[in-house]
Amino acid sequence: MTKLTLALSALYLALVGLALMFFPIQFGRDAVPTDAPPELLALLRLLGGPFLGIAMLNWLSRNAEPSTLRVVLLANIVGFGAVAANDIWGVASGEARDIAKLFLVIHLLFTSAFVAAAAR
């Protein structure tokens, strides 16, 4: 279960990171204007880098020792939990895009899976 969670989250985070870096306007549909200023596009591309780094961390941690693995699991709980909380806020307030509901489910599932993995 833990290896699967780390592998799936690595794939998900890598896809988000690549989308931010190479397709920021399309990824930010309904949030990023089609005529977005270059500074905004540069910022979105910059944010893609950490996603790729965390994706690699999760992928390489699949076979880590329990003491190292615990740190990675806790970091993912914080990361996915914070993003899920932001999604909840956006959906509840009506400020988020419609697709945020889908991302909310994905982020809650990852948070729950990492909590379950850390509890073992």
Hits in region 80-95 - residues which are touching a helix residue (DSSP H, G or I) at 6+ places or on another chain (Cβ under 7 Å) and either within 24 Å of ALA14 (Cβ to Cβ) or among the aromatic types (Phe, Trp, Tyr) (or both): PHE80, GLY81, VAL83, ALA84, ASP87, GLY90
Within region 79-114, tally of residues that are assigned to a helix (DSSP H, G or I), over 11 Å from the mean Cα position of the chain (by Cα) and exposed (fewer than 14 other Cβ atoms within 10 Å of the Cβ): 6
Cβ pairs under 6 Å, 6+ apart, first in region 26-43 and touching a residue at least 12 places away in the same chain (Cβ under 8 Å), second of a type outside the set (A, V, I, L, M) and surrounded by 10 or more Cβ atoms within 10 Å (Cβ to Cβ): ASP30/ARG97; ALA31/ARG97; LEU41/PRO24
Top-ranked residue in region 35-71 [being among the polar types (S, T, N, Q) and at pLDDT 95 or above; ranked as surrounded by the fewest Cβ atoms within 10 Å (Cβ to Cβ)]: SER61
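One line per residue, one yes/no per condition, for (1) under 30 Å from ALA117 (Cβ atoms); (2) in a helix (DSSP H, G or I); (3) not small (Gly, Ala, Ser):
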residue: LEU11; (1), (2), (3): yes, yes, yes
residue: VAL16; (1), (2), (3): yes, yes, yes
residue: GLN26; (1), (2), (3): no, yes, yes
residue: ASP35; (1), (2), (3): no, no, yes
residue: GLU39; (1), (2), (3): no, yes, yes
residue: ALA55; (1), (2), (3): yes, yes, no
residue: SER61; (1), (2), (3): yes, yes, no
residue: SER67; (1), (2), (3): yes, yes, no
Answer from ALA42, ALA36 - the residue that is of a type in the set (A, V, I, L, M, F, W, C) and more than 29 Å from LEU6 (Cα to Cα): ALA36
Candidate set: region 1-34, residues that are surrounded by 14 or more Cβ atoms within 10 Å (Cβ to Cβ) and polar (S, T, N, Q); chosen: the one nearest to the chain's Cα centre (by Cα): SER9
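The values are calculated or read from the model by the stated rules, or taken from the named source; none is laboratory data. These figures come from a predicted structure and were not determined experimentally. Virtual Cβ from ideal backbone geometry, glycine too; neighbours counted across all protein chains shown.
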